[in-house]
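Report on one structure; see the data block that follows.
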Amino acid sequence: MKKILLIGGYGYLGKYLKKKLEKYFLIISPKKNNLNILNNKNLKKHINKKLFCIINLTGQIGKNTGKTNNLGNKNIIKTIKEKKINPLLIFFSTTLIESYKKNKAIYQSKNLVYAKSKLVGENFLKDNYNNYMILRVSNIYDDKFEKRGIFNNIINSIKKKSLLKISNLNSFRNYIHINDVIDHTLKLLKLSKDSHNKRIVNLINENYSIKNILKFFEKKFICKIKMINLKTNLKKNYSQKFFDFPHKITGHMNKYKLKKTIMKFNDK
């Protein structure tokens, strides 16, 4: 079996990805205290000529976001070059990069600082390596809506009958189910080198406004959600829609629909 080093395999996306990929590949996924990409010496212990691919899931929103996306990629590529190997390097990024490019002169927010750090990581990769894929992922959800964010907030508001604060009801986001993200990734891993090399792929699916999502949950729970619309400027709220067709590159057709997932939701 081909060997993959999965960096960040114990995070939200990593746990799902590892479970699926280990059916087809030999997955090496050390815990964070055993693999620190900010420590070049530590990283060298895990990168070797037997690797077919390195998947980098690190650099999510957090304290060391910028440092991880910048220095982390530099360390990975430095180690690869020192060892004179050429594995496929997959860098998970974000579709928020497009909002950052449009709005960086207007304001800064926690999410766009995160997007900027991902863009820095992307650019370094493109300028310094020749066997890579960049996967820009939109807003991920799962059957249980486990990930922190709007869905979690809505469900908690319904359960506790508490007031839900919404930045702007008319704000749009793109949403994709975690299983579709994983299946796109698996398909890409199975492509030939010429097919996937130096590609940037937007892993996206459906565009919905916050207003529509609230209606789905109200129908599901047969309730009226108590909320306040803060009416934040839509540019400052990085409202975004995407109309790409990732299946044209990956060969995977998205199978999951957000509305259907909400209607089938059972938290018991």
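FYI, it's all coordinate maths here, none of it is from the lab. Predicted model, so just to flag it, every value in this text is computed and none were measured. FYI the Cβ positions are ideal-geometry reconstructions off the backbone, even for glycines, and counts take in every protein chain you see.
In this rough spin-label picture, where each label sits 7 Å from Cα along the Cβ direction, the F52-K160 distance is 4.6 nm. Within a straight-line Cα-Cα reach of under 17 Å, K81 can be paired with the following aspartates and glutamates, leaving aside sequence neighbours fewer than 8 residues apart in one chain: D127. Summed over all non-identical Cα pairs, the Kirkwood treatment of the stretch 111-268 gives a radius of 17.4 Å. Put simply, when 170-177, 126-133 are sorted by average Cβ atoms within 10 angstrom per residue, most first, you get 170-177, 126-133.
Against the chain, whose longest principal axis comes from its Cα atoms, helix 65-82 is set at around 20 degrees.
Cross-linked pairs K19/K67; K20/K190; K20/K241; K20/K67: Cα-Cα separations exceed 25 Å for K19/K67; K20/K241; K20/K67. The radius of gyration of the Cα set in the stretch 3-137, together with its Dmax, comes out at 14.7, 46 angstrom. Packing-based ranking of 47-56, 23-32 yields 47-56, 23-32, ordered from highest to lowest mean Cβ neighbour count within 10 Å. DSSP beta bridges fully contained in the chain are about 10 percent antiparallel.
For the set K116/K215; K15/K224; K159/K257; K161/K260; K78/K144, the pairs lying more than 29 angstrom apart at their alpha carbons are K116/K215; K15/K224; K78/K144. Put a dot 7 Å past the Cα of L38, heading toward its Cβ, do the same for N123, and the two dots end up 2.2 nm apart.
Hydrodynamic analysis of the stretch 1-78 uses the Kirkwood radius over alpha carbon pairs. Inserted into Stokes-Einstein at 37 °C and 0.692 mPa s, it gives a translational diffusion coefficient of 257 µm²/s. Taking label points 7 Å from Cα along the Cα-to-Cβ direction, L230 and E146 give a separation of 2.8 nm.
Short to long, the 5 Å bins of the Cα pair-distance histogram for the chain hold 1, 6, 12, 16, 18, 16, 13, 9, 6, 3, 1, 0, 0 percent of all pairs. Here's the list of aspartates and glutamates a cross-link from K2 could span, going by alpha-carbon distance under 12 Å and ignoring same-chain residues fewer than 8 apart: E22.
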